[in-house]
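Where a number appears in this text, it was derived from the coordinates with a stated rule and is not lab data. Remember, it's a predicted structure, so these values are computed and weren't measured experimentally. Methodologically, a virtual Cβ is constructed for each residue, glycine included, from the backbone with ideal geometry; neighbour enumeration extends over all protein chains shown.
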Amino acid sequence: MAQEGDRLLIWGGYGHGNAGDWLTLAAALHDCGQAAGGVATVLSPDPVMVEGLFPEARAVRYRLRRPRGLRGRVREALRRVGRSLRPVCWRFRYRLDDQMRDVAGDGPAEWVEALGQADRLYLAGGGYLTELFDLERFVMPLLAAQRLGLAVETAPIGIGPFRTRAGEALVADALRGARVVVRDDDSAAFCRRHGLPAVVRPDDGFRVREVRPALAPPSARAGHEPAKVGVCACPQYGAEAPRRVQAWWGDLLCALRRELPAVALRGFCFHTDPTADYQCTREAFQRAGLERSDVKPPRPGPWEAVEDVMACDALATARFHAAVVAGVFGVPCLAVASGAYSRAKMESVRKVAPRTTRVVDPGRDAPADGAAALRGLL
């Protein structure tokens, strides 16, 4: 990645509470530190959080300028219409020129100035180049780098899915000329369709041992303690029939109680937002007649979430990077995936850790089948 003395600017999907996204940023910072004299600056919507978790990093706030005048009014109207129309009309929401030029004497945006001082832009791992998220916000640094003639390189990223041809073309154009690395077969197929040379490599989360060698192994379980199955349910982006998926989780826990009566089911979180993993897992426990208090609240940083996975004897999770960490440490894992976005990610885990990973789809696989699959891994 970084060459000796490189000034590197890192950008990605971190900063929103997902422990897995922090793991990919940690890998990018690790690689920069390995290059003698490498200096990294991190773009982030929350620079204080970045510097708190990674004191070795310098963070610059990433905030897009809104268009003024008629364009600004059109943008606000589109925002009110709803997310579904945004990818089609992305050019009306923000303009690259507004970020690059002097506006009312303010000069270029702060993050553009940081780009101008860098030797290359590096995209940390993650699956943020999709219309399931605010695509334009993630792509804008790539467009600015192209305008500045800056080299662009990526960690293993996920690309897609897309709802519109406009969104797909936007990402393809933004990656044109970059050194692209992808983490799954669907992303590789996207690159082939658009004539983008790409290398396939496992997600950077699989490097957690290398990046964090100080991770302490869990203490041995006392002889009288039951084996522990960690459970992490969450709403998945692009999921099919989310309410039915949530009910499926409760039924899965009931099936696990029947299949594995001697184990203890314990919930944990891989996201700091209490309305995400914590709420969903507690609802599943309640539906299964289990104690909601057996779900551990979110923990503040990514390494604590990794330790929670390491402390389990087996895992049932909807979080991609929880499944990745399980694969690294040989923890048997039932990887739950609803929708094309999650299926592509979880299948990439299964390819790296086939002996310890089973992928199930709530829209296709019965809860009893999921429980039997996990039992077969133990």
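Name the residue from VAL171, ALA216, TRP11 whose Cα lies farthest towards the positive end of the charge dipole of the chain, charges +1 on Cβ of Lys and Arg and -1 on Cβ of Asp and Glu.
VAL171
Report Rg/Rh for segment 228-377, rounded to two decimals, where Rg is the Cα radius of gyration and Rh the Kirkwood radius.
Details: Rg = 13.4 Å, Rh = 14.7 Å.
Taking Rg over the Kirkwood Rh, I get 0.91.
Which aspartates and glutamates does LYS345 reach when only Cα atoms under 12 Å apart count, and residues fewer than 8 places away in its own chain are ignored?
Candidates past the 8-residue exclusion: ASP184, ASP185, ASP186, ASP203.
Could you calculate the contour length gain from ASP273 to ARG355, that is, 0.36 nm times the residue separation minus the distance between their Cα atoms, to one decimal place in nm?
Numbers: separation 82, 0.36 × 82 = 29.52 nm, distance 3.16 nm.
Length difference between fully extended and current span is 26.4 nm.
Ranked from highest to lowest mean number of other Cβ atoms within 10 Å per residue, what is the order of the peptides 172-179, 248-255? Could you put the intermediate results ahead of the total?
Values: 172-179: 17.5, 248-255: 22.1.
Ranked by mean Cβ neighbours within 10 Å, highest first: 248-255, 172-179.
For the chain, set up a Gaussian network in which alpha carbons nearer than 10 Å are linked by springs, and say which option among PRO367, PRO141, PRO55 fluctuates the most.
Most flexible of the set in this elastic network: PRO55.
What FRET efficiency, computed as 1/(1 + (r/R0)^6) with R0 = 25 Å and r the Cβ-Cβ distance, is obtained for ARG7 and ALA214, rounded to the nearest 0.05?
Details: r = 28 Å, r/R0 = 1.12.
Step by step, r from the Cβ atoms, then E = 0.35.
If I build a Gaussian network model for the chain, linking alpha-carbon pairs within less than 10 angstrom, which residue out of VAL336, VAL263, VAL349 has the largest mean-square fluctuation?
So, out of VAL336, VAL263, VAL349, the one fluctuating most is VAL263.
Working out 0.36 nm times the residue gap between PHE133 and ASP173, then minus their Cα-Cα distance, what length gain in nm do you get to one decimal?
Values: separation 40, 0.36 × 40 = 14.40 nm, distance 1.79 nm.
Result for the pair: 12.6 nm of gain on full extension.
Working out 0.36 nm times the residue gap between ASP294 and ARG201, then minus their Cα-Cα distance, what length gain in nm do you get to one decimal?
Working: separation 93, 0.36 × 93 = 33.48 nm, distance 3.65 nm.
Full extension of this stretch gives 29.8 nm more.
Among TRP22, TRP111, which comes first, then next, by fewest other beta-carbon atoms within 10 Å? Kindly include the intermediate steps, with their values, before the conclusion.
Details: TRP22 27, TRP111 22.
Ordered by Cβ neighbours within 10 Å, fewest first: TRP111, TRP22.
Sum -39500 (n - 2.57) across every DSSP H segment of at least 4 residues in the chain, then divide by the residue count to get the 222 nm mean residue ellipticity, nearest 500.
Values: 15 runs with 155 residues, N = 378.
That comes out to -12000 deg cm²/dmol.
Over all distinct Cα pairs, what is the inverse of the mean 1/r for segment 146-275, reported as the Kirkwood hydrodynamic radius in Å? Working shown, then result.
On the way: mean 1/r = 0.0525 Å⁻¹.
Final number for the Kirkwood radius of segment 146-275 is 19.0 Å.
Rank PHE162, MET310, ALA114 by how far each Cα sits towards the positive end of the charge dipole of the chain (+1 on Lys, Arg Cβ; -1 on Asp, Glu Cβ) and give me just the farthest.
PHE162
Give me CYS333, CYS234, CYS191 sorted ascending by neighbouring Cβ count inside 10 Å, so fewest comes first.
Numbers: CYS333 30, CYS234 24, CYS191 19.
Ascending number of Cβ neighbours within 10 Å: CYS191, CYS234, CYS333.
About the Cα centre, and with charges only on the beta carbon of Lys, Arg (+1) and Asp, Glu (-1), how big is the dipole of the chain? Nearest 20 debye, please.
Numbers: 53 positive and 44 negative charges, 234 e Å.
Taking the Cα centre of the chain as origin, the dipole is about 1120 debye.
Under 23 Å from the Cα of LYS228, which lysines turn up, not counting those fewer than eight places away in the same chain?
Excluding near neighbours in sequence, the set is LYS296.
Under a no-solvent Debye model with one identical scatterer per Cα of the chain, what's log10 I(q)/I(0) at q = 0.10 Å⁻¹?
Log10 of I(q)/I(0), two decimals: -0.66.
In debye, nearest 20: dipole of segment 228-377 around its Cα centre with unit charges on the Cβ of K, R (+) and D, E (-)? Each step should come with its number before you reach the end.
Values: 20 positive and 16 negative charges, 44 e Å.
Charge dipole, segment 228-377, about its Cα centre: 200 debye, nearest 20.
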